[in-house]
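Colleague: Can you keep this structure in mind? I'll have questions shortly.
Values in this text are rule-based calculations from the coordinates and carry no lab data. Just so we're clear, the structure is a prediction, and the values are computed from it rather than from any experiment. Backbone-built Cβ (ideal geometry, glycine too); neighbour counts: all protein chains shown.
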Amino acid sequence: MTFTFGIYPGAALGSDTGIVHPVSPDRPEGITAALRRLQGDAPTLLVRAYRPYPAGDGPDTRATPADPVRYLGEGRRLDLVLTFREPGDELDGWLDFVRATVRTDGPHLATLQLCEEPNLDLPALDGSMPNVLRALVQGVIAAKEEARACGHDIAVGFNAVPTFDPADTFWPDLGALADDRFHRSLDYVGLDFFPDVFHPQPADRLPGAVAAVLTAFRDTSLPKAGIGREVPIRICENGWPTGPDRTEQRQAEVVETVIRAVAGLREELNLTGYSFFDLRDADSAGTGLFDRFGLLRDDYTPKPAFDTYRRLIGELTV
């Protein structure tokens with residue numbers, strides 16, 4: 001079974017209230033150098049990027065990072081997310097956008113994710129769009145059909161966050177919309193989860209908490225949509241921010257604990273990848289929870305967790 005790693009190399013990120021912007025612009029040469037160091041001798045490293053539909057100049061309608069293709073090569077390939085920010089019912093433009101992306105970026109793409117966290121209703125996320133389920137289902141089908149027609153080997157999927165409310169209807173509603181074409185087109189399901197960030201865990205309970213979330217996602221959530229164990233799960237976003245009460249050393253410890261827990265379950269739960277969120281801080285002097293998710297500080301100097309992740313990539317890439 002293959003197991004690959006990746007990282008989002010930007011610094012802009014979504015919070016519970018909107019977009020958190022970095023205090024300094026991206027430095028492409030610093031990003032490329034960091035990606036090379038992280039990858040080491042591993043044959044590949046996925047570079048995660050976000051491209052919105054429809055595009056615009058608003059804070060949640062800009063692609064991030066800009067021009068991610070510049071960070072590819074040397075085995076690095078693109079893990080691209082197409083976010084759905086259309087508040088209306090019309091899907092023709094969205095599906096044209098999906099197909100055009102496959103045609104244009106197909107040679108660079110390892111994975112293509114349709115929609116971003118469609119089961120989470122927050123302002124910066126696609127779950128706040130009323131037509132997101134139809135966009136997800138039809139987008140997956142359109143992407144896979146276009147990839148096959150163009151001869152591109154692209155893993156097509158979508159992602160979600162853990163569901164803790166038994167009354168939540170996202171997964172049954174998805175199952176009701178998902179037809180045979182959707183299931184034939186679906187290559188993976190992504191999970192975004194951040195253990196010990198929003199709900200702190202004692203250190204000795206963190207591995208069990210990770211295992212519980214992953215197992216519930218596989219055995220409880222996905223079956224409600226008719227998605228079986230043959231469909232791999234990828235960890236698309238996971239991280240742990242530093243801050244006034246969150247030490248850099250503890251970040252390194254959490255990174256090691258979580259990744260080893262994920263790797264230990266990869267065969268049992270059919271887990272095929274992990275991507276860290278994110279490369280550098282938005283604001284290393286900031287005191288907010290979302291300011292310091294990076295493995296690097298905002299001046300591109302490494303925190304201890306950078307070397308931890310680099311070492312784990314070298315050890316656990318399969």
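Colleague: Inspect all residues belonging to the stretch 40-57 and state whether any of them is in contact with a Leu (Cβ under 6 Å, 6 or more places away or on another chain), of a type in the set (D, E, K, R) and surrounded by fewer than 21 Cβ atoms within 10 Å (Cβ to Cβ).
Modeller: yes
Colleague: Tell me, yes or no, whether the stretch 110-126 has at least one residue that is without any contact (Cβ under 8 Å) to a residue 40 or more places away in the chain and either over 14 Å from the mean Cα position of the chain (by Cα) or assigned to a helix (DSSP H, G or I) (or both).
Modeller: Scanning the stretch 110-126, I find at least one residue that is without any contact (Cβ under 8 Å) to a residue 40 or more places away in the chain and either over 14 Å from the mean Cα position of the chain (by Cα) or assigned to a helix (DSSP H, G or I) (or both), so the answer is yes.
Colleague: For the stretch 160-168, indicate whether the set of residues that are assigned to a helix (DSSP H, G or I) and either touching a Pro at 6+ places or on another chain (Cβ under 7 Å) or over 20 Å from F84 (Cα atoms) (or both) is non-empty.
Modeller: no
Colleague: Follow-up. Out of the residues in the stretch 211-258 that are surrounded by fewer than 21 Cβ atoms within 10 Å (Cβ to Cβ) and basic (K, R), which is farthest from G294 (Cα to Cα)?
Modeller: For the stretch 211-258, the residue satisfying everything is K224.
Colleague: For the stretch 193-220, give me each residue that is of a type in the set (A, V, I, L, M) and either touching a strand residue (DSSP E or B) at 6+ places or on another chain (Cβ under 8 Å) or within 22 Å of R250 (Cα to Cα) (or both).
Modeller: Once the filter is applied, which keeps residues that are of a type in the set (A, V, I, L, M) and either touching a strand residue (DSSP E or B) at 6+ places or on another chain (Cβ under 8 Å) or within 22 Å of R250 (Cα to Cα) (or both), the stretch 193-220 yields V197, A203, L206, A209, V210, A211, A212, V213, L214.
Colleague: Hand me the list of strands (runs of 3 or more DSSP E) wholly inside the stretch 1-98 holding 3 or more residues that are among the hydrophobic types (A, V, I, L, M, F, W, C).
Modeller: Result: 45-53, 76-84.
Colleague: Among the residues of the stretch 266-286, what is the count of those that are among the basic types (K, R) and farther than 21 Å from V23 by Cβ?
Modeller: Residues flagged as among the basic types (K, R) and farther than 21 Å from V23 by Cβ within the stretch 266-286 amount to 1.
Colleague: Within the stretch 16-34, take every residue that is aliphatic (A, V, I, L, M) and closer than 18 Å to Y50 by Cα and give me the one that is surrounded by the fewest Cβ atoms within 10 Å (Cβ to Cβ).
Modeller: Of the stretch 16-34, the ones aliphatic (A, V, I, L, M) are 19-20, 23, 31, 33-34.
Subsequent filtering for residues that are closer than 18 Å to Y50 by Cα retains 19-20, 31.
Values: I19: 18, V20: 20, I31: 23.
Across the stretch 16-34, the extreme among qualifying residues is I19.
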